[in-house]
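Step one of this worksheet: look at the structure below.
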Amino acid sequence: MSTGIIVQYIGFQAKPLSREYTFHVRGAAEERDFTLNIANEAFISHRARYQDAPSICSERLQAELAAHSNNPAETQFVITAAELDSYRAARSPKTPQKLWGRKPQEDF
């Protein structure tokens, strides 16, 4: 993706089956609006958090822009369950390594 592009989050609309997130993209030659949808079921089942949704959509949009030289043919995308799982896994806290291992059992 080139550095001359600006991606702006506009907002969301709650629909009966999904939440629709809108982004405005300005480039050197044109301006376009993109819509990304996350199913309401993803929020209900806790696979996605409401406060993370704009970031999830932004990452997908950035990937689409990069893959298509800032000019994807489509302007509407649906966030998949796999994308939600990948986002959550990348941000889940890692279990810390213990400094000392488990005390060995001595056999008397």
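A few notes on this one:
- Against the numbered list (1) farther than 18 Å from G4 by Cα; (2) surrounded by 13 or more Cβ atoms within 10 Å (Cβ to Cβ); (3) in contact (Cβ under 8 Å) with a residue 24 or more places away in the chain; (4) of a type in the set (V, I, T), V78 comes up short only at (2).
- Search result, residues across the range 14-60 that are farther than 19 Å from E74 by Cβ and polar (S, T, N, Q): N40, S45, Q51, S55
- Taken over the range 1-41, the criterion of being touching a strand residue (DSSP E or B) at 6+ places or on another chain (Cβ under 6 Å) and β-branched (V, I, T) is satisfied by I6, V7, I10, T22, V25, T35, I38.
- Meets criteria (of a type in the set (V, I, T), in a helix (DSSP H, G or I) and under 13 Å from the mean Cα position of the chain (by Cα)) for I38: no
- For the range 55-68, the candidate set comprises residues that are of a type outside the set (A, V, I, L, M, F, W, C) and in contact (Cβ under 8 Å) with a residue 40 or more places away in the chain; within that set, the residue that is nearest to Y9 (Cα to Cα) is S58.
- Flag if Q51 is loosely packed, with under 12 Cβ neighbours inside 10 Å and part of a helix (DSSP H, G or I): yes
- Residues located in the range 10-48, provided they are surrounded by 15 or more Cβ atoms within 10 Å (Cβ to Cβ) and either among the polar types (S, T, N, Q) or free of Cβ contacts under 8 Å to residues at least 12 places away in the same chain (or both): S18, T22, T35, N37, N40
- Filtered residues of the range 66-85 (kept if in a loop (DSSP other than H, G, I, E, B) and either in contact with a strand residue (DSSP E or B) (Cβ under 9 Å, 6 or more places away or on another chain) or modelled with pLDDT under 95 (or both)): H68, S69, N70, N71, P72, A73, E74, T75, I79
- Condition broken by Q97, with the remaining ones in (1) outside any helix (DSSP H, G or I); (2) at pLDDT below 95; (3) surrounded by 15 or more Cβ atoms within 10 Å (Cβ to Cβ) satisfied: (3)
The values are calculated or read from the model by the stated rules, or taken from the named source; none is laboratory data. These figures come from a predicted structure and were not determined experimentally. Because the Cβ atoms are built from the backbone with ideal geometry, glycine has one as well, and the counts that use them run over all protein chains shown.
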